[in-house]
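Have a look at the structure below before the remarks.
The values are calculated or read from the model by the stated rules, or taken from the named source; none is laboratory data. Bear in mind that the values here come from a model prediction, so they are computed numbers and not experimental data. All Cβ positions, glycine included, derive from the backbone under ideal geometry; neighbour counts span all protein chains shown. To get the accessible areas, we keep the full protein, side chains included, count just its heavy atoms, and leave off ligands, DNA and RNA. Shrake-Rupley method; radii C 1.70, N 1.55, O 1.52, S 1.80 Å.
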Amino acid sequence: MQAPSRAPALSDALAQMPYVWLGVGVFIAVYIAVDLNKLYALRYGMDVGIFLQSLVNFTHTGSTFNWVERQPHLTVHDSWLLLGLAPLVRLFPRPETLLVVQVVAVAIAAVPLYIFARGCGLAALPAQLVTLAYLISPSAQGWAYMDFSENVFVPLLGFSLAIAVQRRSLYATLLFAQLLMGVKEDEIWFIAWFSLAGALWYDRRLGLATLALALVNGAGYYAAVHAAGYAPAKPQYLWWPSTLPQDLAFLAEVLAPFAFAPLALGWRVLLATPMVVEITFPAAWAYPLARAGTHWTVPLVTLIAIGAAIAIARYPRWARWAFGCAIVMALFFNVTVVHIGRHLYPPDTAGYAQARAVALSGRPAVYTPDDEGAFVIASPDLQAQLINRSAPRKNPKPAWITH
């Protein structure tokens, strides 16, 4: 079927979003700068090293083995989509590569979000305001500033999938669903859940076809990993969230940049329950997962942005409220260094140079969690190890100065 008549042609929509293009450009410039500062100050965590070493190893041996997880990364998570970065990492085997990719992925997701908002019936200006609310939100800024994660591709693919479903395109829906399921195994089950809901209340053909695809992906991944003798990551869950007041505050924090508009969808907000449960019901973890800006929250906030576009299409004046609320949240509740009262750390020039020398040497090197920032720089060296991954840090390193 063709796109709804109320949706502008793609070329027209792209030409009618000057503020979005400006926002994307500013976002990319600012966060590449602050991310590189964080890297050179040796403040990044081990996850950047995990993914970089996995990809560097893949380009050399065909295995995604890394010395932090001490097994191939693809046996821990179903993240085969990341292999698409292998040619780029082969050319530029440095953590800077992943950080630039991360920032661009989060920023460029604004384009399909805008197109989806226009397809919901919003005019160009309110659609741009909703999109800018996404870019300005503490969540999007936090994803661009956090350790690299495969989840940074969820907004781009999730918004693109929403467009395909909106236009009832079976082939595009299956394509973007398949790509999204290649981000992480969580997405397989989220897609299965929403496919079932879609089959019941939206489009039976689209829903059942995507549900079948999700079941094939899930069965195939777990069968393959177990056949190889590994056990994928399997988090434990509680019967009731252990930090309920904090979890409720988190939900308010991620809804506020969109002026709480998704709540206008009524009972449909209950469809987000699996995403909320995943990050609020887990057992013991190093830190609360339901915290704005963490990679665990990306699927939920992506869904919130989609819901906001749908709701604000009914009440276009809310777009201005969303834009204003996003600015307030960014100035006073941001999870990154771009926040009133925070400052950048100076680069650790000597420490960076030493770690970079290890990265180029190919010789064995061992780091502890207190030196994870240096391990990140050294991780292109396939013999660089990080031991005692779960040990408490004797000298925690915050990512910014608060005084």
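What is the dipole size for region 15-123, taken about its Cα centre, with +1 at each Lys and Arg Cβ and -1 at each Asp and Glu Cβ, in debye to the nearest 20?
Approximately 120 debye in magnitude.
Identify all aspartates and glutamates with a Cα-Cα distance to LYS184 below 13 Å; exclude those on the same chain that are fewer than 8 residues away in sequence.
ASP78, GLU150
When the Karplus curve 6.51 cos²θ - 1.76 cosθ + 1.60 is applied with θ = phi - 60°, which whole-Hz ³J(HN,Hα) does each residue of region 317-330 get, with x for Gly and Pro?
Here the 3J(HN,Hα) series is 5, 5, 4, 5, 5, 4, 4, x, 4, 4, 5, 4, 5, 5 Hz.
What ranking of PHE148, PHE92, PHE323 comes out by heavy-atom accessible area, probe 1.4 Å, highest first?
Per-residue accessible area, sorted high to low, gives PHE92, PHE323, PHE148.
Region 231-320: which chymotrypsin sites (Phe, Trp or Tyr not before Pro) are DSSP loop and have at most 15 other beta-carbon atoms within 10 angstrom?
Passing both the DSSP loop test and the Cβ count: TRP239, TRP285.
For PRO398, what charge total do you get from the other residues with a beta carbon under 15 Å from its beta carbon, if Lys and Arg give +1 and Asp and Glu give -1?
For residues surrounding PRO398, the net value is +3.
Within straight cross-link reach of LYS397, meaning Cα distance under 21 Å, which lysines are found once same-chain residues fewer than 8 apart are removed?
The reachable lysines, counting only those whose Cα sits under 21 Å from LYS397, are LYS38.
Put LEU300, LEU74, LEU22 in order of accessible area, largest first, 1.4 Å probe: what do you get?
Ranked from most to least accessible, the order is LEU22, LEU74, LEU300.
Around TYR367, which amide H atoms from residues at least 5 apart in sequence, or from another chain, sit under 5 Å from its own amide H, with H modelled in the peptide plane?
GLN385, LEU386, ILE387
What's the local net charge at GLY198, with K and R +1, D and E -1, over the other residues with C-beta under 11 Å away?
Details: positive: ARG168, ARG204, ARG205; negative: ASP203.
Its environment carries a net charge of +2.
Using Cα springs under 10 Å in a Gaussian network model of the chain, which residue among ALA259, ALA228, ALA123 shows the largest mean-square fluctuation?
It is ALA228.
Provide the solvent-accessible area of VAL254, counting protein heavy atoms only and rolling a 1.4 Å probe, rounded to the nearest 10 Å².
That residue has around 0 Å² of solvent-accessible surface.
Can you give the local net charge around VAL76? Use residues other than it whose beta-carbon is closer than 14 angstrom to its beta-carbon, Lys and Arg +1, Asp and Glu -1.
Numbers: positive: ARG70, LYS184, LYS234, ARG389; negative: ASP47, GLU69, ASP78, GLU150, GLU185, ASP186.
My count for the surroundings of VAL76 gives -2.
Can you give the accessible area of ILE28 in Å² (nearest 10), computed on protein heavy atoms with a 1.4 Å probe?
Looks like 40 Å² after rounding.
Only four residue types carry charge here, +1 at the Cβ of Lys and Arg and -1 at the Cβ of Asp and Glu. Report the dipole size of the chain about the Cα centre in Debye, rounded to the nearest 20.
About 620 debye.
List the residues, sorted by chain then number, that are 5 or more residues from ASN66 or on another chain and whose placed amide H is less than 5 Å from its amide H.
Here the answer is GLN71, HIS73, since their amide H atoms fall under 5 Å of that of ASN66.
Please check which bits of region 179-200 a label hung off ALA172 would reach, taking the label as a point 7 Å along Cα-to-C-beta and the cut-off as backbone N under 19 Å.
Only 179-181, 195, 198-199 fall inside the zone, counting backbone N under 19 Å.
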